[in-house]
Amino acid sequence: MPNRLSQEIAPQLPYLRRYARALTGSQQSGDAHVTACLDALVADPGILILDDGAKAGLYRLFHDLWAGLSLDATPEDETPESERTVQERLSGITPAARQVLLLTTLEGFPPEQAAKITGHSEAEIAALLRDAVAEIDRQTATRVLIIEDEPLISLDLSEIVESLGHAVTAVARTAEQAVAAADSNPPGLVLADMQLADGSSGLDAVRDILARFSVPVIFVTSFPERLLTGERPEPTFMITKPYDPNAVKAAISQALFFRTRASVPSGSEARLDSRAS
């Protein structure tokens, strides 16, 4: 492979490995696909089309060489839980839709470039992307517990949750109500304010709930700095009041897609955080 071509390709290889791993569900399988792609390129550098740049050309070559192969693989045992969850989600999507989803989201290619890389038309790209998103929505549909003492905010959060296809099981105004609601109908997601109607702590409620269930939690607070202290553990997902509804939707989708279990502070941190609202 000419030295100039090697210099253009080398910076793209970590991204291609990431893509291949997500596509195949296995680092070992993904790396084997990338290695075979590079072997073919070394044997014949002329097969790489650079009209749209080195990155797009490399991904297009990858797809040209491996079209029609089974992309499913069993994740390795040492794969982190969050990555295994992503692999499980992606494995439920058809290979073509999975490719389009990963190319346009993980790799950031615009639809027209994704079309050239995969050999689909732009109309087919749009349809495949819709299919992938619909399948993810179907996989992640769940029951949501809202812990919020302000009626207007709880109503707004309920509307956002339901617009995404989820069901609100209860709206709790106190920590005691929240724990009781979770015991009665275990949630798949919790949206939690910090300072509640009777002066109780949403953080305490979440801690009690997490002692019973493994569930992702999104905290809603006017004072995020009281939780983001730089110490561990810290909440994975947090929305700052006043919030953008789109930010809430994005946080819900991320939390459910990765099935991320919440982290909550304890001890002296909890006493500080219970003052946040």
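The values are calculated or read from the model by the stated rules, or taken from the named source; none is laboratory data. These numbers come from a predicted model, not from an experiment. In this analysis, Cβ positions are derived from the backbone assuming ideal geometry, glycine residues included, and neighbour counts consider all displayed protein chains.
Scanning the range 167-206 for residues that are surrounded by fewer than 21 Cβ atoms within 10 Å (Cβ to Cβ), under 27 Å from the mean Cα position of the chain (by Cα) and in a loop (DSSP other than H, G, I, E, B) gives N185, P186, G188.
Filtered by the rule that a residue be hydrophobic (A, V, I, L, M, F, W, C) and closer than 22 Å to R89 by Cα, the range 1-28 gives L16, A20, A22, L23.
Comparison of D31, D52 shows that the only residue that is farther than 22 Å from S91 by Cα, in contact with a Lys or Arg (Cβ under 7 Å, 6 or more places away or on another chain) and modelled with pLDDT under 90 is D52.
Restricting attention to the range 129-166, report how many residues are in contact with a Gly (Cβ under 8 Å, 6 or more places away or on another chain) and in a strand (DSSP E or B). Final tally of qualifying residues: 3.
Within the range 15-37, residues that are farther than 20 Å from L101 by Cβ sit with their Cβ atoms under 6 Å from residues that are surrounded by 22 or more Cβ atoms within 10 Å (Cβ to Cβ) and not β-branched (V, I, T), at 6+ positions apart or across chains, in these pairs: C37/F62.
Residue by residue, here is whether (1) modelled with pLDDT under 65; (2) over 27 Å from E8 (Cα atoms) holds:
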| site | (1), (2) |
| --- | --- |
| V42 | no, no |
| G57 | no, no |
| A73 | yes, yes |
| E81 | yes, yes |
| I93 | no, yes |
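When R271, R232 are screened for being at pLDDT below 80 and assigned to a loop (DSSP other than H, G, I, E, B), only R232 passes.
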